[in-house]
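Chemist: One structure, as structure tokens, below. Some questions next.
The values are calculated or read from the model by the stated rules, or taken from the named source; none is laboratory data. Worth saying up front: this structure is predicted, and the values here are computed from it rather than measured. Ideal geometry is used to build each Cβ from the backbone, glycine not excepted, and the neighbour counts take in all protein chains shown. SASA here: full protein model, heavy atoms, side chains in, ligands and nucleic acids out. Shrake-Rupley method; radii C 1.70, N 1.55, O 1.52, S 1.80 Å.
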There are 2 protein chains.
Amino acid sequence: MDLYGEHGFEQTTVAEIAERAGLTERTFFRYFVDKREVLFSGASSLEQFLVGIVAGAPEQDRPIEAVATAIASVADFFQERREFTLRRQSVIGTNTELQERELIKLATLTAAIAEALRRRGVREPSASLAAEAGIAVFKISFERWISGNDESNFSQIVHEHFDELRVVTTGC
Amino acid sequence: MDLYGEHGFEQTTVAEIAERAGLTERTFFRYFVDKREVLFSGASSLEQFLVGIVAGAPEQDRPIEAVATAIASVADFFQERREFTLRRQSVIGTNTELQERELIKLATLTAAIAEALRRRGVREPSASLAAEAGIAVFKISFERWISGNDESNFSQIVHEHFDELRVVTTGC
DNA sequence: TGATTGATGTCAGTGTATGTCATGACTAAA
DNA sequence: TTTAGTCATGACATACACTGACATCAATCA
């Protein structure tokens, strides 16, 4: 993160990362499948976290409600780590390859949420639609939260955007 | 496409592609920014097409209706090229890097649709939400259409999934 | 005719990523 | 205490993607 912040992602070589870590390049590639993955190591625990909340939501909750609860919790998680999140996102924002990696992590997350919904008995295509809708709301909320000031409440933005999505899809 | 189909994407070197095309590697990289881009050269015209339909939709149409019309038209476009689409998708499906590229192309498409909506006077976050919802419906419809038989009507699947999205977000 | 431009080739490099084998630390069994 | 096995790391070699600089050649224009 330091090196990527100092010189930018592309300008930083794996050799430099390895040197600062006091290891060899080869060792770097034993821990990270590629140069980008360093910034996404938290994705799998985030997935577990999300799936856990969807699975544990009250049985009578509609799919979109279970997803909304999970996304709002993730928002709280990020809010508690705002500084780090900002730093990380400013690196990702300046590099297309990193954005690609971020998108596929979000897609994986989407698939995991859909699967969790299916385990709750939700059928297709509702499960996938609810999952996609939830991640869409997350993306848009995240952008607004990042570009806003410190005081804006991320999970509140999420809830507002879920409401707005309902209005957009129905017109009422 | 032939080479990627024969040996797989990773196993195909740029040297091989260049040789089969009767050119040098250097020339390949003058036409394509990287080895993946070959499979996505149509993305920009697809974007123009989509944006054109959103911009040209009846003034009284709600944002989501304008987007739905555009997505359904794109579905028709793909349906007319089913064989090619299947071949292309089977290559993309076997390689993560290609999926990453596909996702960022879809994200670019989403941004372009949102921008077209804003030019129609739609405000944020509605514009982005409608665009994301539309692309989400497209993704899920595409998957179903690809995995189904030849006779299923892609644009009809799209419309059904837009209806289902409304049900999912509202519960009625 | 000569100058200009655009497409391509040639060549030499950098950096990411991977395979293979060696080494030393630590652990469990004999 | 020895022996064997496992694990993390290093050392080395290599492939391949991608880039910059300059050369060549043909078509076109002044």
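Chemist: Could you give every pair whose Cβ atoms fall below 9 Å, whose first residue belongs to the range A:152-172 and is facing chain B (nearest Cβ under 8 Å), and whose second residue is in a loop (DSSP other than H, G, I, E, B), counting only separations of at least 6 or pairs across chains?
Modeler: Matching pairs, first to second residue: A:His161/B:Pro125; A:Glu164/B:Pro125; A:Leu165/B:Pro125; A:Arg166/A:Cys172; A:Val168/B:Arg62; A:Val168/B:Pro125; A:Thr170/B:Cys172; A:Gly171/B:Arg62.
Chemist: Please find, within the range B:34-48, the residue that is farthest from DNA strand D (Cβ to nearest atom) out of those that are open to solvent by 30 Å² or more (accessible area, probe 1.4 Å) and over 14 Å from B:Thr108 (Cβ atoms).
Modeler: Applying the filter and picking the extreme gives B:Val38.
Chemist: Being under 18 Å from the mean Cα position of the chain (by Cα) and closer than 15 Å to B:Gly171 by Cβ is the filter here; which residues of the range A:135-172 pass it?
Modeler: A:Phe162
Chemist: Another question about this same structure. Can you tell me how many residues within the range B:127-145 are closer than 16 Å to B:Val54 by Cα and open to solvent by 20 Å² or more (accessible area, probe 1.4 Å)?
Modeler: The qualifying residues number 3.
Chemist: Scan the range A:146-153 and tell me whether some residue there is part of a helix (DSSP H, G or I) and open to solvent by less than 20 Å² (accessible area, probe 1.4 Å).
Modeler: Looking for residues that are part of a helix (DSSP H, G or I) and open to solvent by less than 20 Å² (accessible area, probe 1.4 Å), one finds none in the range A:146-153, hence no.
Chemist: Related question: Just for the range A:7-49: of the residues that are within 30 Å of A:Ala72 (Cβ to Cβ) and near DNA strand C (Cβ under 9 Å from one of its atoms), which one is farthest from the other protein chains (Cβ to nearest Cβ)?
Modeler: Top of the filtered list is A:Glu37.
Chemist: Another question about this same structure. Being more than 24 Å from B:Thr96 (Cα to Cα) and not polar (S, T, N, Q) is the filter; apply it to the range B:1-29 and report the residue that is farthest from DNA strand D (Cβ to nearest atom).
Modeler: Top of the filtered list is B:Gly22.
Chemist: On to the next question. Residues of the range B:1-58 being among the charged types (D, E, K, R) and in contact (Cβ under 8 Å) with a residue 60 or more places away in the chain, which ones?
Modeler: Within the range B:1-58, B:Glu10, B:Arg36, B:Glu37, B:Glu47 meet the criteria.
Chemist: How many residues are assigned to a helix (DSSP H, G or I) and within 14 Å of another protein chain (Cβ to nearest Cβ) when one looks only at the range B:53-73?
Modeler: 7
Chemist: To continue, here is another question. Quick check, is B:Ala111 assigned to a helix (DSSP H, G or I) and away from every other protein chain (no Cβ under 12 Å)?
Modeler: In short, no.
Chemist: Inspect the range A:122-143 for any residue being at negative phi, of a type in the set (Phe, Trp, Tyr), within 14 Å of chain B (Cβ to nearest Cβ) and assigned to a helix (DSSP H, G or I) and give the result as yes or no.
Modeler: yes
Chemist: Here are A:Glu97, A:Glu83: which of them is in a helix (DSSP H, G or I), open to solvent by 40 Å² or more (accessible area, probe 1.4 Å) and within 14 Å of another protein chain (Cβ to nearest Cβ)?
Modeler: Just one listed residue meets the conditions, A:Glu97.
Chemist: Same structure again: Is it fair to say B:Phe9 is under 25 Å from B:Asp150 (Cβ atoms), crowded, with 16+ Cβ neighbours inside 10 Å and not β-branched (Val, Ile, Thr)?
Modeler: no
Chemist: Would you say B:Ser90 is exposed (fewer than 15 other Cβ atoms within 10 Å of the Cβ) and in the same structural domain as B:Gln60 (by TED's automatic domain parsing)?
Modeler: yes
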